[in-house]
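Trainee: Submitted below is the structure of interest, expressed as structure tokens.
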């Protein structure tokens, strides 16, 4: 999360500039109401940067799944913790980072869901991480300084 | 989220509006499981006004379908928005559930099965 802040150029760009460069960093507490506020801010950021609506939905859903997981599983104490999310918009790419100081958890180690299985053999769990993997083009996990850092990348296709 | 129930013959129509997410899906899940427990077998889920579903909503649906399978029950969904349809496609739920464009088509599908 130490990448330099690009100045948000969305109001300075020429009007025919379809997508704009910019970034937003939001810190919130491990409280469901806070994470909802965080998602709303990120969606607004994406709208301002004219990110295609399908990509906004993909990012919104992926963040929802990951934040829900953090709230449910990351903390065994009752203390307040900080979760930081950063989103960077580039002309053809969305990057997102999520950082939490909860238990070490690498979502990439969760076994993939076999979506071709019939109903009786379908597992009830694992769908959230499956969705994140399907929605994003690239996911990287790192445990550093007692924190989980998940990096997401979504390629943007115009008119989608 | 808002849930409404209507009965059409032996089909229970359940409309779900707005969002089915980690905050709201428990209520939806409990309702389906309670109705199955009390003998309801055929469900038409009208999702025309549902904008958003996440894995918590899918889990509720999967649990209900698993309970209905051995007792020959069925869930048909109708009116899926683009974002919701995409979530079904990505998770293979479009293979597990019958999806219809609207209520009329879904009810017709129940009638054809007798």
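Every number here is computed from the coordinates shown, using simple stated rules; none is lab data. These numbers were taken from a predicted model, which means no experiment stands behind them. Methodologically, a virtual Cβ is constructed for each residue, glycine included, from the backbone with ideal geometry; neighbour enumeration extends over all protein chains shown.
The rows are residues; the columns are (1) outside any loop (DSSP other than H, G, I, E, B); (2) under 24 Å from residue A:73 (Cβ atoms); (3) at the interface with chain A (Cβ under 10 Å from one of its Cβ atoms).
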residue	(1), (2), (3)
B:3	yes, no, no
B:18	yes, no, no
B:35	yes, no, no
B:43	yes, no, no
B:51	yes, no, yes
B:63	yes, yes, yes
B:99	yes, no, no
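Trainee: Counting residues that are in contact (Cβ under 8 Å) with a residue 40 or more places away in the chain, under 25 Å from residue A:43 (Cβ atoms) and within 16 Å of the chain's Cα centre (by Cα), which strands (runs of 3 or more DSSP E) fully inside the range A:62-150 reach at least 3? Working first, answer last.
Mentor: On the way: elements: A:82-90, A:93-100, A:138-144.
Here the list reads A:82-90, A:93-100.
Trainee: Sticking with this one: Return the total of residues in the range B:79-107 being over 13 Å from the mean Cα position of the chain (by Cα) and at positive phi.
Mentor: Selection size over the range B:79-107: 1.
Trainee: From the list B:16, B:71, B:84, pick out the single residue that is closer than 21 Å to residue A:119 by Cα and crowded, with 19+ Cβ neighbours inside 10 Å. If you could, list the steps in order and put the result at the bottom.
Mentor: Details: B:16 fails: closer than 21 Å to residue A:119 by Cα; B:71 fails: crowded, with 19+ Cβ neighbours inside 10 Å.
One residue alone meets the criteria, B:84.
Trainee: When you scan the range A:151-159, do you find a residue that is within 22 Å of residue B:55 (Cα to Cα), buried (at least 18 other Cβ atoms within 10 Å of the Cβ) and touching a helix residue (DSSP H, G or I) at 6+ places or on another chain (Cβ under 9 Å), even just one?
Mentor: The first filter runs over the range A:151-159 and keeps only residues within 22 Å of residue B:55 (Cα to Cα), leaving A:151-154.
From the residues that got through so far, the ones that are buried (at least 18 other Cβ atoms within 10 Å of the Cβ) too are A:152, A:154.
If we keep only those that are touching a helix residue (DSSP H, G or I) at 6+ places or on another chain (Cβ under 9 Å) too, we end up with A:152, A:154.
Yes, that holds for at least one residue.
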